[in-house]
Amino acid sequence: IPINLGVNLFFLKPINKLSQKIQLIISDITEKTQESLMNTKEIIGFLRKDWDIQRLNQVNLRLLPVQLKREFISASSSNVNFIIYWFVFIIIVYFGGKQVQNGEMSLGTLIVFITYLMGLFGPISILLNLNVEFQRCLGGAKRVFELFDNPKEVIHFNEIKTDLFPIV
């Protein structure tokens, strides 16, 4: 169990950083898409549709490699934990088999121990995968808190310069 936790902790920081980067790219995509949708008439009117599509494609293509890298690291985390589990299983079968041959342990005891080990791996695997998903969510949560922490200027109606728009 401690080996699995150590391996999982090794993968969590890169997953968190990549999740934060993905959130920044998604916010950029949202901004560009909103600009494009708000200015559709102007874009069509000035024949800039191809330019706008190319701009949106460039922003979207930045997202794919970062997401692939995050998914690769997440999958690697699960696979390494799975390999550790099977390595421990093989060691237990080998040394337990030796003890059964020497008469130091009964076959039933070995089978029960292996069954308990298999039953223990499922919940541990679920918890480790849950931790990986939690790190993904933290990337998004950090972005939300950055938006909340960013002070916005509030312009009151009586502070608007009326000389720019004369009342007729």
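Nothing in this text is a laboratory measurement; each read-out follows from the coordinates by a stated rule. Remember, predicted model here, so these are calculated numbers, not experimental data. Glycine gets a Cβ as well: all are built from the backbone with ideal geometry, and neighbour counts include every protein chain shown.
What are the ³J(HN,Hα) values, in whole Hz, obtained from phi via the Karplus relation 6.51 cos²θ - 1.76 cosθ + 1.60 with θ = phi - 60°, for each residue of region 63-73 in sequence order, with x given for Gly and Pro?
Result, ordered by residue: 6, 4, x, 5, 5, 4, 5, 4, 5, 5, 5 Hz.
Report, by chain and number, residues whose modeled amide H sits under 5 Å from the one on M105, excluding near sequence neighbours (fewer than 5 apart, same chain).
When sequence neighbours closer than 5 places are left aside, the close amide H contacts are V100.
Please give the contour-minus-distance gain from F87 to D149: 0.36 nm per residue of separation, less the Cα-Cα distance, rounded to one decimal in nm.
Full extension of this stretch gives 17.6 nm more.
I need the Debye-formula profile for region 54-93: one equal scatterer per C-alpha, no solvent, reported as log10 I(q)/I(0) at q = 0.21, 0.34 1/Å, two decimals.
Reported log10 I(q)/I(0), two decimals: -0.69, -0.97.
Obtain the nm distance between the two label points defined at K142 and L24 by a simple spin-label model: each point lies 7 Å from its Cα along the Cα-to-C-beta direction.
1.0 nm
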